[in-house]
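Visitor: The structure that follows is given in the form of structure tokens.
The values are calculated or read from the model by the stated rules, or taken from the named source; none is laboratory data. Because the structure is predicted, anything quoted here is derived from the model rather than measured. Here the Cβ positions follow ideal geometry from the backbone for every residue, glycine too, while neighbour counts run over all protein chains shown.
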Amino acid sequence: MIFNRSLKEYTGYLALQTWINQAVALCQPSEVWLCDGSEEENRLLLERLVKSGTLTPLKNGCFLARSDPSDVARVEECTFIVTETKEEAGPTNNWMDPEEMGAVLSQLFRGSMQGRTLYVIPFCMGPLSSPFAKIGIQITDSPYVVVNMRIMTRMGKDALSTLQEGAFVPCMHSVGRPLKKGEQDVPWPCNTANRIIAHFPATKAIWSYGSGYGGNALLGKKCLALRIASCLAREEGWLAEHMLIMGVTNPAGVKKYFVAAFPSACGKTNLALLKPALPGWKVEVVGDDIAWIHLGEDGRLYAINPENGFFGVAPGTNWKSNPYAMEAISKNTLFTNCALNDEGEAWWEGKTKEPPAHLISWLGKEWRPGGEEKAAHPNARFTAPLSQCPILDPAFQAPLGVPLSAILFGGRRSDLEPLVYEANDFVGGVLVGASLASETTAAGGGAVGRLRHDPFAMLPFLGYPMGDYFAHWLSFKARTKEELLPKIFAVNWFRKDEKGDYLWPGFGENIRVLQWIFERTEGTAEAKEVPFGHIPAEGTLNTEGLNLKEGALEELFRVDREGWLKKLEETKNYFGLFGKRCPPELYREIERIEAAFVRP
Ligand code: TSX
Ligand code: MN
């Protein structure tokens, strides 16, 4: 075995050496490469990837990867929480017994890296100097994963240097396609039929097999920073959330930080990188996907972004919908499953008003406009460093995080849910998060327009029972003064009129909603009490210069009593799934709202 660096330089190297030895014995690679994260190393890996046909060089240091057409997204059916009992995994997760999973995995991984290089990726989730950061060591046979992890995390020598004895999350990954002697590799090796993404909360280990795509393979993101971190957070008294983190500065120069949770296909990255339509307002981004939230010594909540890059959906991203993302991905960006234009750039549906006359599609085929097939896959992605974002918040590396003034929950709801409301109190806000639901879009596959529950936007990302998670959220009320906790809001950019047209322009105009939220946290904006909380009082939402349709504003805030009573009934019904673990406080809050509807 050849190591390009002695592990003895590092504390905790013994545990790491043991872990690597075990992996090598099991997977039988022909080479071992300990990643240092350097420019030089990255260059060598990119070179390998171009040679193997995995990557195509584009303009400005960008590259394009085309995946195997069967390996294009996270696979929730293949994602498991492995605990002694099924109850410990909870009713919303796939479960497997540790012994059974152990047997399955050892068989799959035995010899799985034959003919390949085993890469050891030391990475840090969170700023290197943060006491909240977590170290992971990913072992993988995919150099594509290495170059993506280098963008998405703090990867290499520095991460290894902060390693304490034994304190790392072991992340084992193989694409599951060993190479026989002399066998020619394929551009995107994978083993789609046998994909498994397994999480072991007891030992905090992650094992992923068969997929090279996104959250299945970049194990720092959904696997470590959400599923395993949610378990750590429960034990250690913090929160690992599927949330963006943004700084909002008003024209007077006062700055506040918000976090926001949205199910997929609601435009979380667009909101995180908002270009305000109102003069004098400024938005800066700390993170667009994951927030680790801790209670500070002053009794307030603080958030860090464990990630170091954007792994965003490309389709729909353009200079109008998200100009700062466009700037961030203009160089040194990896594109996956986008189309290729004649200028050597990545293209996707919604990038330009008109599609180019000629493209190579994500399937590598000649493509011209007018046909059935999309040029880019709907889940095509960009991987770009946070540092390239023109509105990156100066505090994005703050070791203790940024103090939170508001928590937003939002879904895609064509009716019932107002444009914005403030929850009654902290418990009322936890109910808003717990009852989050969103209408399905074409992007997810399956039926369109169906309402799907996605509590806290965490349904696919929680590593333990949902009812316990609700109780964990509620526990923060007893740990600090309620007035120090962020105020909680619900937002909905997607309400439609009876003709099916959107009532709210959204995008940059959403700053008007953020302004009202900002002013509520300052105690300056007036509100009108409704059974489920507070909506903007007449005239307090800034609609100056907006040409809303006649009656649109009234409709955006119309309270449909019957609709709400039905929703509350249905929510109780849904919570039944979580059994006794669902905290009684949430049922009491529902009853309180019902009572207010009956006796206004
Ligand atoms: O991201 C979106 N946001 C948040 C922006 C900060 N999207 C895209 C969602 C898919 C990922 C939105 N779509 C938003 C929104 O606020 N609103 C809508 C709905 C909408 C779509 C098109 C228009 C208006 C609203 N077009 C015109 O009004 C011309
Ligand atoms: Mn996400």
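Visitor: Find the residue count for segment 305-327, including only residues that are over 14 Å from the mean Cα position of the chain (by Cα), under 17 Å from Pro385 (Cα atoms) and among the hydrophobic types (A, V, I, L, M, F, W, C).
Guide: Quick first cut of segment 305-327, residues over 14 Å from the mean Cα position of the chain (by Cα) only: 314-327.
Now narrow it down to the ones that are under 17 Å from Pro385 (Cα atoms): 314, 317, 322-327.
Pick out the ones that are also among the hydrophobic types (A, V, I, L, M, F, W, C) and you get 314, 325-326.
Selection size over segment 305-327: 3.
Visitor: Separate question: Taking segment 411-432 on its own, how many of its residues are in a helix (DSSP H, G or I) and surrounded by fewer than 23 Cβ atoms within 10 Å (Cβ to Cβ)? Quick ask: steps written out before the conclusion?
Guide: In the first step, residues of segment 411-432 are kept if they are in a helix (DSSP H, G or I); the result is 426-432.
Subsequent filtering for residues that are surrounded by fewer than 23 Cβ atoms within 10 Å (Cβ to Cβ) retains 426-428.
Residues flagged as in a helix (DSSP H, G or I) and surrounded by fewer than 23 Cβ atoms within 10 Å (Cβ to Cβ) within segment 411-432 amount to 3.
Okay, residues lined up against (1) loosely packed, with under 13 Cβ neighbours inside 10 Å; (2) modelled with pLDDT of 95 or more:
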{"site": "Ile2", "(1), (2)": "yes, no"}
{"site": "Ala23", "(1), (2)": "no, yes"}
{"site": "Lys51", "(1), (2)": "yes, yes"}
{"site": "Val75", "(1), (2)": "no, yes"}
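Visitor: Next question. Exactly one condition in (1) closer than 25 Å to Arg452 by Cα; (2) crowded, with 24+ Cβ neighbours inside 10 Å; (3) within 16 Å of ligand 2 (Cβ to nearest atom) is not met by Ile407; state its number.
Guide: Of the numbered conditions (1) closer than 25 Å to Arg452 by Cα; (2) crowded, with 24+ Cβ neighbours inside 10 Å; (3) within 16 Å of ligand 2 (Cβ to nearest atom), the odd one out for Ile407 is (3).
Visitor: Please work out which one of (1) surrounded by 21 or more Cβ atoms within 10 Å (Cβ to Cβ); (2) without any contact (Cβ under 8 Å) to a residue 12 or more places away in the chain; (3) not aromatic (Phe, Trp, Tyr) is the condition Glu529 fails and give its number.
Guide: (1)
Visitor: Just to check your reading of the model, which residue among Glu570, Glu538, Glu554 is in a loop (DSSP other than H, G, I, E, B) and either more than 16 Å from ligand 2 (Cβ to nearest atom) or of a type in the set (Lys, Arg) (or both)?
Guide: Glu538
Visitor: If I go through segment 489-502 residue by residue, how many of them are in contact with a Phe, Trp or Tyr (Cβ under 9 Å, 6 or more places away or on another chain) and either more than 10 Å from ligand 1 (Cβ to nearest atom) or not aromatic (Phe, Trp, Tyr) (or both)?
Guide: Residues flagged as in contact with a Phe, Trp or Tyr (Cβ under 9 Å, 6 or more places away or on another chain) and either more than 10 Å from ligand 1 (Cβ to nearest atom) or not aromatic (Phe, Trp, Tyr) (or both) within segment 489-502 amount to 6.
Visitor: While we're on this one: Closer than 24 Å to Gly247 by Cβ and either in the same structural domain as His472 (by TED's automatic domain parsing) or among the aromatic types (Phe, Trp, Tyr) (or both): is that true of Ala328 in this structure?
Guide: Answer is no for this residue.
Visitor: Just to verify a result, which residue in segment 436-449, among those that are surrounded by fewer than 16 Cβ atoms within 10 Å (Cβ to Cβ) and more than 19 Å from Val491 (Cα to Cα), is nearest to ligand 1 (Cβ to nearest atom)?
Guide: Here the answer is Ala443.
Visitor: Are any of the residues in segment 338-348 crowded, with 17+ Cβ neighbours inside 10 Å, modelled with pLDDT of 95 or more, of a type in the set (D, E, K, R) and under 22 Å from the mean Cα position of the chain (by Cα)?
Guide: no
Visitor: In this structure, does Trp292 turn out to be at pLDDT 95 or above and either of a type in the set (Ser, Thr, Tyr) or farther than 29 Å from Val50 by Cβ (or both)?
Guide: Yes, satisfied.
Visitor: Show the residue pairs that are 6+ apart or on different chains and have beta-carbon atoms under 8 Å apart, the first residue being within segment 545-557 and closer than 15 Å to Asn492 by Cβ, the second being surrounded by fewer than 11 Cβ atoms within 10 Å (Cβ to Cβ) and among the β-branched types (Val, Ile, Thr).
Guide: Note: no pairs meet the criteria.
Visitor: Next up: Are there any pairs with C-beta distances below 6 angstrom linking a residue in segment 242-253 that is assigned by TED's automatic domain parsing to the domain that holds Cys266 to a residue that is away from ligand 2 (no atom under 16 Å from the Cβ) and among the aliphatic types (A, V, I, L, M), with the two at least 6 apart or on different chains, and if so which?
Guide: Met246/Val283; Val248/Val283; Val248/Leu514
Visitor: Scan Phe476, Phe456 and give me the residue that is outside any loop (DSSP other than H, G, I, E, B), of a type outside the set (Asp, Glu), farther than 14 Å from Ala261 by Cα and modelled with pLDDT of 95 or more.
Guide: Residue meeting the stated conditions: Phe476.
Visitor: Scan segment 416-457 residue by residue and report those that are over 28 Å from Pro536 (Cα atoms) and within 15 Å of ligand 2 (Cβ to nearest atom).
Guide: Those that are over 28 Å from Pro536 (Cα atoms) and within 15 Å of ligand 2 (Cβ to nearest atom): Thr441, Ala443, Gly444.
Visitor: Related question: Identify all residues within segment 509-535 that are closer than 20 Å to Glu417 by Cβ and either assigned to a strand (DSSP E or B) or of a type in the set (Val, Ile, Thr) (or both); write none if there are none.
Guide: Hits for segment 509-535 are Ile511, Val513, Ile517, Ala527, Lys528, Glu529, Val530, Gly533, His534, Ile535.
Visitor: Under 7 Å by Cβ, and 6 or more places apart or on different chains, what pairs join a residue from segment 437-449 that is assigned to a loop (DSSP other than H, G, I, E, B) with one that is of a type in the set (A, V, I, L, M, F, W, C)?
Guide: What qualifies is Thr440/Ala447; Thr440/Val448; Thr441/Ala265; Thr441/Val448; Val448/Ala442.
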